[in-house]
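Beneath this line is the structure, given in structure tokens, with notes to follow.
The values are calculated or read from the model by the stated rules, or taken from the named source; none is laboratory data. Quick caveat: nothing in here was measured; it's all calculated off a predicted structure. Here the Cβ positions follow ideal geometry from the backbone for every residue, glycine too, while neighbour counts run over all protein chains shown.
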Amino acid sequence: MKTIEWQNEYTVGVKELDDQHRNLLKTINTLLEEQRDKYEAAKFSPALSSIIHYAYTHFATEERYLLQVHFPNLKQHVLEHIDFIMKTVGLALRIESSSGDELRIELLRYLKEWYSYHVLGTDRHYIPFLASKKISKP
Ligand SMILES: [Fe+2]
Ligand SMILES: [Fe+2]
């Protein structure tokens, strides 16, 4: 599976959030490269738990910004974050107790799709709200 390269146009206009989105992408790309290089199961797990851990941190930061600007679709946005955690944790648990590649590939596909759909899609809906209000680091 091909990696996704960060483009300047992916910015949401807040450096802290951009840095986190870039780091999330870096971790997804690490997993994709490991898979391409016929990774070993032992290498896969740390990157997987680090992406789940990092996603938690990112979601908390992003939600604090959205609260600060009274983003109207906050509830729906938070539900997408929760859905990501549920899916990745669920898949990670199943991967731990499986030996084949199938679930790993399913997870990689999900992470790629999620990045395109959520980070490069849903997240962009809050850009005008962050831009129109005076925001400070929450
Ligand atoms: Fe985000
Ligand atoms: Fe988000």
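Looking only at the stretch 31-69, which residues are at pLDDT 95 or above and more than 16 Å from ligand 2 (Cβ to nearest atom)?
Answer for the stretch 31-69, where residues must be at pLDDT 95 or above and more than 16 Å from ligand 2 (Cβ to nearest atom): there is none.
Please work out which one of (1) away from ligand 1 (no atom under 15 Å from the Cβ); (2) more than 19 Å from THR30 (Cβ to Cβ) is the condition GLN76 fails and give its number.
Unmet condition: (1).
Restrict the check to the stretch 88-97 and report whether at least one residue is within 16 Å of ligand 2 (Cβ to nearest atom) and either over 13 Å from the mean Cα position of the chain (by Cα) or surrounded by 13 or more Cβ atoms within 10 Å (Cβ to Cβ) (or both).
Looking through the stretch 88-97, at least one residue is within 16 Å of ligand 2 (Cβ to nearest atom) and either over 13 Å from the mean Cα position of the chain (by Cα) or surrounded by 13 or more Cβ atoms within 10 Å (Cβ to Cβ) (or both).
Please name all residue pairs, on different chains or six or more residues apart, with Cβ atoms under 9 Å, provided the first residue is in the stretch 103-118 and is within 14 Å of LEU31 (Cα to Cα) and the second residue is at pLDDT 95 or above and charged (D, E, K, R).
Within 9 Å, the pairs are LEU107/LYS87; TYR110/LYS87.
List the residue pairs whose Cβ atoms are under 6 Å apart, where the first residue sits in the stretch 47-60 and is touching a residue at least 24 places away in the same chain (Cβ under 8 Å) and closer than 22 Å to GLN76 by Cα, the second is of a type in the set (Val, Ile, Thr) and within 15 Å of ligand 2 (Cβ to nearest atom), and the two are 6 or more positions apart or on different chains.
Matching pairs, first to second residue: ILE52/THR88.
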